[in-house]
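The values are calculated or read from the model by the stated rules, or taken from the named source; none is laboratory data. All figures in this text were calculated on a predicted structure; none of them were measured in a lab. Note that we place each Cβ from the backbone using ideal geometry, even for glycine, and neighbour counts take in every protein chain shown.
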Amino acid sequence: MSDKLLTTREASTFLRVSEASVRRWADAGILTASRVGRRRARRFREADLLQFMQPGQRGPASAPGVPRAIVIQGMAVSLGSHLVSFYSSDAGRLRVGLPFLRDGLLSGQACLMYVTAPLRDHYLKALGGERVDVDAAISTGLLTFMSTHRQSTAGWIAEFERLVANALRDHPGPVRFLGETVTGLQNLGSVQELLTLEQQLGPVMRRLPVVMLCPYDVRTFDGLTIVEALKLHFDTYSYQLASFLS
């Protein structure tokens, strides 16, 4: 293995991600980097990049006492997992999503949500009935909401990475992300853009101490979209698929 220090561009090529992602991860302490020269340019060791690519070995998640997995529906789910769930009713929406958020918040794990205002109210009301101090979680940054304004897939990923970096800075440990895909459909503008985002998230997720849950409302999406969603969330197959259906 070479001892050569790689530039940001070379590191992005090595990891197959954007240079912006490499810079954000380095600045957040998720990816080990050194500074060299008068301009304090970032440099990366190949060994650190290889370690970074290993599931469960990334940045703050490697700190002593920090778990390398979270529990969902009684199953230990590895960090870096990109999961899908399906529901066909408002009550069904909460079957997987509610315990996913509740268990994280009650254990002090940062939770991020990507939901429209009506869905946000739906979840927060349910969390309040599950012994979660919602106001305290929001005020301390333990529970954060991603912007739902119209943006490109690249802009979406940039904001996601920024929020994850902030969460890890303030609450070291695994991060839980719940992103309602009906929200993505509205904000990205089309099913194709939504599926493109899902595809691009796969390699990004593998390098972050995050578990992402993407619920699909089958009342909104057609059968072909559901099949494509299953293909793009192959991490789900490592667990009991029935646990993600409601």
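Identify, please: which residue in segment 152-171 is touching a helix residue (DSSP H, G or I) at 6+ places or on another chain (Cβ under 9 Å) and of a type outside the set (A, V, I, L, M) and is, among those, modelled with the lowest pLDDT?
169
Considering only segment 18-41, state which residues are part of a loop (DSSP other than H, G, I, E, B) and either surrounded by fewer than 19 Cβ atoms within 10 Å (Cβ to Cβ) or not β-branched (Val, Ile, Thr) (or both).
18, 29, 31, 32, 33, 37, 38, 39, 40
Would you be able to tell me the number of residues in segment 143-164 that are surrounded by fewer than 17 Cβ atoms within 10 Å (Cβ to Cβ) and either outside any strand (DSSP E or B) or among the β-branched types (Val, Ile, Thr) (or both)?
Total meeting the criteria: 10.
Which condition from (1) touching a Phe, Trp or Tyr at 6+ places or on another chain (Cβ under 7 Å); (2) assigned to a helix (DSSP H, G or I) is the one that residue 167 breaks?
Only one criterion is unmet by residue 167, namely (1).
Filter segment 165-194 down to the residues that are among the charged types (D, E, K, R) and crowded, with 20+ Cβ neighbours inside 10 Å, then identify the one that is farthest from the chain's Cα centre (by Cα). Outline the logic, then answer.
Quick first cut of segment 165-194, residues among the charged types (D, E, K, R) only: 169-170, 176, 180, 193.
Add one more test, that the residue is crowded, with 20+ Cβ neighbours inside 10 Å, and what stays is 176, 180.
Numbers: 176: 6, 180: 12 Å.
Checked segment 165-194; the qualifying residue farthest from the chain's Cα centre (by Cα) is 180.
Which condition from (1) surrounded by fewer than 22 Cβ atoms within 10 Å (Cβ to Cβ); (2) in contact with a helix residue (DSSP H, G or I) (Cβ under 9 Å, 6 or more places away or on another chain); (3) in contact (Cβ under 8 Å) with a residue 24 or more places away in the chain is the one that residue 111 breaks?
(1)
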